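Remarks on the structure that follows.
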Amino acid sequence: MPSAPTPSLPFIHDVSGIIGAGGLTQAQYDAHLAATGPALEALRRQHAESTLPLLHLPKRRDDIVEMERIAAHLKKDATDIVVLGIGGSSLGAKAVAQLAYDATPAQSQSEPRVHFFENLDPHTFERALQSLDLRTTRFLVVSKSGGTAEPLMQAYAAKAALEAVGGGDYLAQHFAAITEPSDNPVRRFATGIGAPVIDHDPRVGGRFSILTNVGLVPAMLMGLDVVAVREGADRVLAPVLAGADPQNVAPAAGAVMQVGLAQEAGAAASVIMAYSDRLERFGQWYRQLWAESLGKDGRGTVPATGIGPVDQHSQLQLYLAGPADKAYTIMSVGSAGAGPRVATDDPALDYLNGKTMGDLMDAEYRATVATLKASKRPVRTIDIPVLDETAMGALLMHFMLETIIAAHLMGVDPFDQPAVEEGKILARKYLGEM
């Protein structure tokens, strides 16, 4: 049965649960796996020809100094840093930043505190500007194209708020920007007030940009090891570049699971449930990556995310007894033995006596996997012994490669998003008519 054969990975990737009743036959799995060969060869060719810069990011170190410079600028005399971006300019950074919250609330507050205001809710943003001490608050504006309306609206609102409290002469100290090297509105905004700007590589799409300065500068601001993030990504990419057989490439197996189940078993949705609060934002990042990369030409599956064990109580009934039209990925982070250990003298609670909170979470994770399998639902598991920067980098690269390989199997381009661009154009038209 197929499972993760690469011991160097910082997680165990097991797709054996997709083969059998409710899933793929062994012959179907093998046929789809063989079909990933051309996709893997294309990735090796793109790496050799430097036509897909994403594949060179894990080894890059020459851009670290520039990222450190912008981080130092933002952190100087700051109590709070607000990251202004949306979609690919924010979701990946939020996923990595959540690693900083592996502690009690008092310890998890980075210095300075980092906030992500991604959604364009005017009430939320107005309250934030009123509650933050603007004298010691800094703003990082992130937009690949430099023309994204949402972060621009937020940046100009922040600028006006600073000017209103007498900070108009010090705007350069309060802002920094990341955008592509072109004459665009974000760059003009930053240079117009004398704030520093660093270049985002225009050849790396937003949802694939987590390993660039877009994702790593916010990680730096929270004291995370960005080199370790890239090293983790490199460990997943290495077998691909080394020409490993598809059965020894975890992202290939993952793509086969997703596309094979969609084509052979009618799986219309891809469900990821992670048993860790620190993977909640990872799920949000995955949702955009999968939906925007593959939802084209009538193809694609619907990404759905959840956090265990809480979402067992809200979703598992549907998953176990509803339509058999979903592929399941259940993720765990080594929790057994972790957390407070309880003692109880209530006989009805003997099953909890002497156990830790992590023991209960681990038991519920294993029970969810077992009940899904018993209900003939196709399940893969990803077990992460230690969720650190290396593991996070590996997970991010795994799912980016899995998405690219799945796009090859589906026959779509994973790097464009024409329907989204149409919506942006129409929104600007409506705004102009107001």
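Taking V197, V386, V226 in turn, the Gaussian network model of the chain (Cα-Cα springs below 10 Å) assigns the largest fluctuation to V386. Remark: region 193-300 carries 29 Å² of accessible area per residue (probe radius 1.4 Å; ligands, DNA and RNA excluded).
Which residue, L352, L320, L129, tops the fluctuation ranking in a GNM of the chain built on C-alpha contacts under 10 Å? Judging by the Gaussian network model, the answer is L352.
Projected label points at Q26 and D277, each 7 Å from Cα along the beta carbon direction, are separated by 4.4 nanometres.
Across region 211-364, Cα pairs under 8 Å and at least six residues apart give a relative contact order of 20 percent. Relative to the longest principal axis of the Cα atoms of the chain, the long axis of helix 389-410 makes an angle of roughly 70 degrees. Here's how it looks for M331: its modeled amide H is under 5 Å from those of M273, A274, Y275, I382, which are all 5 or more places away or on a different chain. For the peptides 326-335, 252-261, 23-32, the ranking by packing is 252-261, 326-335, 23-32, with the highest mean count of neighbouring Cβ atoms within 10 Å listed first. Rounded to the nearest 20, the Cβ-based charge dipole of the chain about its Cα centre (Lys and Arg +1, Asp and Glu -1) stands at 380 debye. Any number yet on Rg/Rh for region 212-318, C-alpha, Kirkwood? Rg/Rh: 1.01. Counting 0.36 nm for each residue step from V165 to I64 and taking away their Cα separation leaves a gain of 32.9 nm. Counting only alpha carbon atoms, the long axis of helix 37-49 and the longest principal axis of the chain meet at about 30°. Size check on region 280-362: the Cα extents along the three principal axes, sorted descending, read 60, 26, 14 Å. Here, region 245-398 has an Rg and a Dmax of 17.0, 61 Å when only alpha carbons are counted. In the chain, the longest principal axis of the Cα atoms and the axis of helix 64-75 are about 60 degrees apart. Taking every C-alpha pair closer than 8 Å and separated by at least 6 residues, the mean separation divided by the residue count of the chain gives a relative contact order of 23 percent. Between amide H atoms placed 1.01 Å from N, distances below 5 Å from F175 occur with F139, all of them 5 or more places distant or on a separate chain. The structure shown yields Cα extents along the principal axes in Å, and of the options [x] 61, 48, 43; [y] 67, 62, 45; [z] 84, 82, 47 that calculated value carries the label [y]. Only protein atoms count toward the accessible area here, which uses a 1.4 Å probe; on the chain, the carbon and sulfur part of that area reaches 54 percent.
Between A242 and D345, what is the FRET efficiency for a Förster distance of 60 Å, r being their Cβ-Cβ separation, to the nearest 0.05? After rounding, the FRET efficiency stands at 0.55.
Close amide H pairs (under 5 Å, H built 1.01 Å from N) link R377 with no residue at least 5 positions away or on another chain. Assuming R0 = 41 Å, what is the FRET efficiency of L320 and L120, from their Cβ-Cβ distance, to the nearest 0.05? Once rounded, the FRET efficiency stands at 0.65.
The values are calculated or read from the model by the stated rules, or taken from the named source; none is laboratory data. Note that the coordinates shown come from a computational prediction; the quantities given were computed from them, not determined experimentally. FYI the Cβ positions are ideal-geometry reconstructions off the backbone, even for glycines, and counts take in every protein chain you see. We work out accessible area using only protein heavy atoms, side chains counted, and drop any ligands, DNA or RNA first. Shrake-Rupley method; radii C 1.70, N 1.55, O 1.52, S 1.80 Å.
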